[in-house]
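Step one of this worksheet: look at the structure below.
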Amino acid sequence: DTLHLRPDPCGTAGACDTVMLMNNSARTVTVSGITVDPVGSFIIGSSVSFPLTLNTGQSQIVIVCTDGTFTGTRSGTLHVASNDPGTPDLTLPLYAERDSVRLAARDESLDFGVLAVCHNNATLTTFIDNTGTVPDTFDVIRAPAPPFSLGGAFPAGVLSGSAFALDVGFSPTNYGSFSDTIVFRERRCGRELMIVLRGVRESWNARLAPSP
């Protein structure tokens, strides 16, 4: 058997689980110590005094923990040292896995620049990138108001290592400077992503005059 720990990828809290030491022999067993290796990857979360004497049929709960500050996997071993002649060094494999949740907007802002009077629309494409280790889904919690628009259907899923294309339009019917913000929320951890939008439409006046 292996003790498998999975810290929450949405925070830095660690994960713990219990191991029960049971004396199934016909003699009293004295446990001289419990250790984990490698040191730092796993810790003993319960306070156990040594030497620990277990009579026949007695048990002791041991709590094993790992922290939540890593990404990927960890492996280790729990060692129980005792005077049991059959297993003086009882071992239990330890394994910890923490996923990475990383959705990010490739562009923090989109600037459409200046549209002349002869142009009344423009489209820019940006992406939501998933550089984490698990698929994730995001939704729009604040859509842009006209003259901006956002294409696509939401909520949208993004596989690990993939990107989702976003088409943002700018179609002003009046002249002036415009700005807005799109706000997304990824579902797994609830983090918000924002893209600021800017654009200008200028008027152009021309007057014909006879040559002198």
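Observations on the structure shown:
- Residues of segment 14-27 that turn out to be touching a residue at least 40 places away in the same chain (Cβ under 8 Å) and either closer than 14 Å to ILE43 by Cα or of a type in the set (D, E, K, R) (or both), as a count: 6
- As for segment 151-167, it holds no residue that is of a type outside the set (D, E, K, R), open to solvent by 50 Å² or more (accessible area, probe 1.4 Å), within 30 Å of GLY72 (Cβ to Cβ) and touching a Lys or Arg at 6+ places or on another chain (Cβ under 6 Å).
- Odd one out for PHE178 among (1) at negative phi; (2) open to solvent by 60 Å² or more (accessible area, probe 1.4 Å): (2)
- Extreme residue, nearest to ILE182 (Cα to Cα), among residues of segment 123-161 that are hydroxyl-bearing (Ser, Thr, Tyr) and out of contact with any strand residue (DSSP E or B) (no Cβ under 6 Å at 6 or more places or on another chain): THR131
- Segment 8-56, subset within 30 Å of SER100 (Cβ to Cβ) and of a type in the set (Ser, Thr, Tyr), residue most open to solvent (accessible area, probe 1.4 Å): THR12
- Taking the numbered list (1) more than 22 Å from GLY11 (Cβ to Cβ); (2) touching a residue at least 40 places away in the same chain (Cβ under 8 Å) in turn, LEU193 passes all entries but (1).
- Selection within segment 85-97 - open to solvent by 30 Å² or more (accessible area, probe 1.4 Å) and at pLDDT 95 or above: PRO88, ASP89, LEU90, THR91, LEU92, PRO93, TYR95, GLU97
- LEU197 being in contact with an Asp or Glu (Cβ under 6 Å, 6 or more places away or on another chain) and under 14 Å from PHE112 (Cβ atoms): yes
- Inter-residue pairs, beta-carbon under 7 Å, first closer than 16 Å to PRO9 by Cα and open to solvent by less than 40 Å² (accessible area, probe 1.4 Å) and in segment 121-148, second assigned to a loop (DSSP other than H, G, I, E, B) and aliphatic (A, V, I, L, M), 6+ apart: ASN130/LEU159; GLY132/VAL101; VAL134/VAL101; ASP136/VAL101
- Sub-7 Å Cβ pairs linking a first residue in segment 49-64 that is over 16 Å from PRO88 (Cβ atoms) to a second residue that is surrounded by 10 or more Cβ atoms within 10 Å (Cβ to Cβ) and among the small types (Gly, Ala, Ser), at least 6 apart or interchain, are THR56/SER25; ILE61/SER46; VAL62/SER46; ILE63/GLY45; ILE63/SER46; VAL64/GLY45, ordered by first then second residue.
- Among all positions in segment 116-132, there is no residue which is modelled with pLDDT under 95 and part of a strand (DSSP E or B).
The values are calculated or read from the model by the stated rules, or taken from the named source; none is laboratory data. This is a predicted model, so every value here is computed, not measured. All Cβ positions, even for glycine, are placed from backbone atoms using ideal geometry, and neighbour counts span all protein chains on display. To get the accessible areas, we keep the full protein, side chains included, count just its heavy atoms, and leave off ligands, DNA and RNA. Shrake-Rupley method; radii C 1.70, N 1.55, O 1.52, S 1.80 Å.
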